[in-house]
Amino acid sequence: MLGLNRKDFQLLLLVIVLTALAPFFLNPFPVESSLAQFNAGYPDLMQRFVIFGIFAIGFNILFGLTGYLSFGHAAFLGAGSYAAIWMMKLLTMNIIPAVTLSIIVAGVFSLAVGFISLRRSGIYFSILTLAFAQMSYSLAYSVLTPITGGETGLQPKISDPRIFDGPLAAGASPRASLFGLEMNSTYEMAVGGWLFTFNVGYYIAAILMVISFYVAIRIFRSPFGLMLRAVKSNQNRLGYTGVSSRPYTLAAFVISGMYAGLAGGLLVAMDSQAGAERMFWTASGEVVLMTILGGAGTLIGPVLGAGLIKYLENIVSKINETVLTAWFDWMPSVLQDILVAVVYPFVGKGWHLTLGLMFMLVVIFLPGGLMEGLARIGALFSRKPKSSDDNVDGAAKPSPAE
Amino acid sequence: MEALVLQIVNGLDKGSAYALIALGLTLIFGTLGVVNFAHGALFMIGAFCAVTLSRLLTLSHVVIDDTKKDFLGNPSKVEVPYIYDFFGQATGDVIIDWAVPISILVAIPVMMLIGVAIERGLIKHFYKRAHADQILVTFGLAIVLQEIIKYFYGANPIPTPAPDAFRGSFDFGAMLGFDPNVIIYPYWRLVYFGFAAIVISAVFAFLQFTTFGMVVRAGMADRETVGLLGINIDKRFTIMFGLAAAVAGVAGVMYTPINSPNYHMGMDFLVLSFVVVVVGGMGSLLGAVLAGFLLGILESFASMGAVLEVLPGINQIILYVVAIIILLTRPRGLMGRAGVMED
């Protein structure tokens, strides 16, 4: 169906169902319970899940298929953000022109960067893209301040022209909308102790993510996608058979740049602001991590990776000493103090330490990411049990990465 | 002419730091074939060796001084560093004053140890993996090291002054025969440049004139053959990793008076150091050093007022622009060898 085989269609359906029902299953704990802080079903975080999902899906088309490791993709996200905010300042608060232009601008920008960077491969390619991204970041911070707002960034102001919108009513502030449907309008549903939030912005971003995901499946299964895999497995041999790989890699680079632009435009549509820090190279590193963590080269892995990272970032960094003490309250006080002292460096402000450790552990033990982990667990159960001993052994010690 | 000399000497200190870090990166790359994204973190740890030592030296205990009274008439309490007890006050003050240079002695073994531990514990397992994996795991390591330092020392820069004798500036222009007060140069930057020159020549001399260095160079050229000759080349390469870490560490120690160290100073230098290595040519030690100084000086020329008027903001991006031009016109960098990283 939709040009997909049965398995892919099931995957697409799964993604559709998951995103549609996310407000329910991301809020598994009642509002009053002590576990409510693990709820992820609030609009801001759910929007980030799907937007960074789009970003990671796009990055995966480049890195997962061709193996070219770009360390500068945040630049395209940033460029898309700036394009979107300018549309909102000049034309209208409707998000359609904003998101459209952000895709176009990011596409053109990535065409220019890719045209130069793709002359080299391997580590040189990584460093070239890193150099371009850092260059854009420095420029956005300093010389381009009239366009980018420099350190303060850009926000829509009441005094902006917005030629398509009528004048704002007195006291109203400009809000991003889709034909009058405001991005931050929500509908709350209380069931028993649970409170579920349905947010317009989230569902618009989610629909775009499902479309992006569908396009990514089609690319993965197309002859073009097969060409990109050929680039990854042996570029020399591809050259010997008389195929120039550059048009293919460049196309992949531009496509992933446009995905990044879409993500950047959506970020602006949700929070109506753009700043240079979105282009910083740690932001590029983050999308690499999302893709690797989920599983580079798999379809759904990057979405899972993006969701997991954003979830942990929001939840782990909120835990502070008081919360920890409350958790371990049932223990003897000595044990409680020790545990709090041990766990404390990894939560709250120490979230980046957890992130770094997770990054290392995944690269060392699970180069295929979560998807490989799931496949291994699946293999454990699907293997025909020869004897019960065998199975216990296999479950007890996970096989090392190599 | 004066302006020209001024920009050249201004570029020397940053250039020295670039050259030292790039030298270490190239050593690791040339011997082990690993792209080390954690090298900036090693530079940062070196800087924090200096911070730690100067804190340890000023550890004090409280002594009740009967000769002085506080405003209530009680004997006042004075904090006395332990080091006074060991060496007396005069020597103790000198030692505290010279904390930064003394830290070099501490930093070398510490950094060697850290380097060897990283190589044996982590990087050893990544020789056969893709370059992308090596980049990613060292990137993760850099984040971890940086966050550990942040946890213990906080996020704010920690001022670590140079010894009294080298504080302040002098009239460098007058020494060279220009008009006085044209080229004013801080003492410590000259010290840093001299120090970098010594370290770089020491590394080159070590590689060129010792048997150990000869074996390492042979291993860089053809690791397999050296191994077949019955030489344990892995062990020597591990030591070279330690050496590269020590070079980065002492570069960080000496840089503390120029810029107060904070936990992300390594990352700031790392990206630029990669640019330096690429411009110099992957795997070429001499190229890395020359490109380090060249780019440092170029950066300082780009921040001249006259240049900024014509090309605003060029000082922010000059290094990247140069790297892009070099990579596109001379793909192997200025002095790169053929066959390095060309797959």
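Which order do A:R376, A:R237, A:R162 fall in if you start with the one that has the fewest other Cβ atoms within 10 Å?
Neighbour counts put them in this order, fewest first: A:R237, A:R376, A:R162.
Which Cα, out of A:M87, A:M135, A:F55, lies furthest along the positive dipole direction of region A:1-147 (beta carbon charges, K/R +1, D/E -1)?
Most positive-ward Cα: A:M135.
Averaged over B:324-336, how many beta carbons belonging to a partner chain fall within 10 Å of each residue's beta carbon?
2
Using modelled amide H (1.01 Å from N, peptide plane; none on Pro or chain starts), what sits under 5 Å from the amide H of A:S177, excluding residues fewer than 5 places away?
HN-HN under 5 Å from A:S177: A:N94, A:I95, A:M183.
Relative contact order of region A:6-316, please, whole-number percent, based on alpha carbon pairs below 8 angstrom and at least 6 residues apart.
37 percent
Projected onto the charge dipole of region B:127-285 (+1 at Lys/Arg Cβ, -1 at Asp/Glu Cβ, origin at the Cα centre), which of B:P159, B:T211, B:G230 gives the Cα projection farthest towards the positive end?
Result: B:G230, furthest along the dipole toward the positive end.
Using only Cα atoms and rounding to the nearest 10 degrees, what angle (0 to 90) does helix B:99-121 make with the longest principal axis of chain B?
With both axes taken from Cα atoms, the answer is about 40 degrees.
Please count, across region A:6-316, the pairs of lysine residues with Cα atoms under 30 Å apart that sit 8 or more places apart or on different chains.
Close lysine pairs under the 30 Å cut-off: 6.
Considering only C-alpha atoms, what is the centroid distance from region B:1-51 to region B:178-247, in Å?
12 Å
Can you tell me the alpha carbon radius of gyration of region B:1-140 divided by the globular rule-of-thumb value 2.2 N^0.38 Å?
Values: Rg = 22.9 Å, N = 140, 2.2 N^0.38 = 14.4 Å.
Here the answer is 1.59, to two decimals.
Under 19 Å from a point 7 Å along the Cα-to-Cβ line of B:E224: which residues of region B:112-128 have their amide N that close?
B:127-128
Can you give the convex hull volume of the alpha carbon atoms of the protein assembly as shown per residue, in Å³?
In the protein assembly as shown, the Cα hull volume divided by residue count equals 270 Å³.
Give me a single rounded figure for B:125-133: the average over its residues of other chain Cβ atoms within 10 Å of their Cβ.
Per residue, the average neighbour count from other chains is 4.
Could you give each residue of region A:33-40 its phi-based ³J(HN,Hα) in whole Hz, using Karplus coefficients 6.51, -1.76, 1.60 with θ = phi - 60°, and x for Gly or Pro?
Working through the residues one at a time gives 6, 6, 8, 4, 5, 8, 5, 10 Hz.
Within chain A, which complete DSSP H helices have Cα atoms spanning at least 30 Å along the helix axis and a mean Kyte-Doolittle hydropathy of -0.5 or higher?
A:43-66, A:95-117, A:200-221, A:246-271
Just checking the output field for A:111-123: average partner chain Cβ neighbours within 10 Å of each residue's Cβ?
3
Of A:L18, A:G72, A:L355, which is farthest along the charge dipole of chain A in the positive direction, counting Lys and Arg as +1 and Asp and Glu as -1 at C-beta?
Selected residue: A:G72.
If one computes the Cα centroid of region B:108-140 and of region A:193-266, what distance in Å separates the two points?
If you average the Cα positions of each part, the centres end up 32 Å apart.
Mind giving me the nanometre distance, one decimal, between the label points for B:E309 and B:I198, set 7 Å out from Cα along Cα→Cβ?
For the pair B:E309/B:I198, the computed spacing is 4.2 nm.
So what are the three principal axis dimensions of chain B from its Cα atoms, in whole Å, longest to shortest?
79, 54, 37
Would you pull out the residues with amide H under 5 Å of A:L195's amide H, same chain only if 5 or more places away, H placed 1.01 Å from N?
For A:L195, whose amide H was placed from the backbone, the distant partners under 5 Å are A:V31.
Quick one: order A:V15, A:V191, B:V35 by neighbouring beta-carbon count within 10 Å, fewest to most.
Lowest to highest Cβ neighbour count: A:V191, A:V15, B:V35.
What's the FRET efficiency of A:T282 with B:F209 using the Cβ-Cβ distance as r and R₀ = 45 Å, to the nearest 0.05?
Between A:T282 and B:F209 the formula returns 0.60.
Over the Cα atoms of region A:123-264, Rg to Rh with Kirkwood Rh, two decimal places?
Taking Rh as the inverse mean 1/r over Cα pairs, Rg/Rh reads 1.11.
Only Cα pairs within less than 10 Å get springs; with that Gaussian network setup on chain A, which residue of A:L289, A:L130, A:L374 has the largest fluctuation?
A:L374
Quick one: putting +1 on the C-beta of Lys and Arg, -1 on the C-beta of Asp and Glu, what dipole do you get for chain A around its Cα centre, in Debye to the nearest 20?
Charge dipole, chain A, about its Cα centre: 1540 debye, nearest 20.
About the Cα centre of the protein assembly as shown, how large is the charge dipole given +1 on each Lys and Arg Cβ and -1 on each Asp and Glu Cβ? Please answer in debye to the nearest 20.
Values: 43 positive and 43 negative charges, 518 e Å.
It works out to roughly 2480 debye.
Can you give me the distance in nm between label points at B:L328 and B:L56, each placed 7 Å from the Cα along the Cα-to-Cβ direction?
In this crude spin-label approximation the distance works out to 5.1 nm.
Build a GNM of chain A with springs between Cα atoms under 10 Å: which of A:A341, A:A216, A:A140 gets the top mean-square fluctuation?
A:A341
B:S60's amide H: which non-local residues (gap 5+, or another chain) put their own amide H closer than 5 Å, with H modeled 1.01 Å from N in plane and none for Pro or chain starts?
B:Y82
For chain B, what is the number of Lys pairs with C-alpha distance below 28 angstrom, counting only pairs 8 or more positions apart or on separate chains?
6
Given the Cα-Cα distance of A:L181 and A:D44 and 0.36 nm per residue of separation, how much length would full extension add, in nm?
Here the segment from A:L181 to A:D44 would lengthen by 47.6 nm.
Restricting to bridges with both residues inside region A:6-316, how much of the DSSP beta-bridge set is antiparallel, in percent to the nearest 5?
Roughly 90 percent of the beta bridges in region A:6-316 run antiparallel, per DSSP.
Hey, fewest Cβ within 10 Å first, where do A:Y344, B:Y255 land in order?
The fewest-first ordering by Cβ neighbours comes to A:Y344, B:Y255.
Sorted by packing (mean other beta-carbon atoms within 10 Å per residue), highest first, where do A:52-61, B:99-108 land?
A:52-61, B:99-108
Would you please calculate the Kirkwood hydrodynamic radius of region A:6-316 over all C-alpha pairs and express it in Å, rounded to one decimal? Provide the component values of the computation, followed by the final result.
Numbers: mean 1/r = 0.0498 Å⁻¹.
This gives a value of 20.1 Å.
In nanometres, what is the gap between the two model label sites at B:I64 and A:L13, each 7 Å from Cα along Cα-to-Cβ?
Output for this residue pair reads 8.5 nm.
Just for the Cα atoms in region B:67-120, what are the lengths along the principal axes, largest first, rounded to whole Å?
So the extents along the principal axes, rounded to whole Å, are 61, 21, 16.
Between B:F178 and B:S260, what length in nm is gained on full extension when 0.36 nm per residue of separation is reduced by their alpha carbon distance?
The B:F178-B:S260 span can extend by a further 26.3 nm.
Could you check which residue among B:G287, B:G33, B:G227 shows the biggest mean-square fluctuation in a GNM of chain B with a 10 Å Cα cutoff?
B:G227
FYI, it's all coordinate maths here, none of it is from the lab. Because the structure is a prediction, the values reported are computed rather than measured. For neighbour counting, all protein chains shown are included, and Cβ atoms are generated from backbone atoms with ideal geometry for every residue, glycine included.
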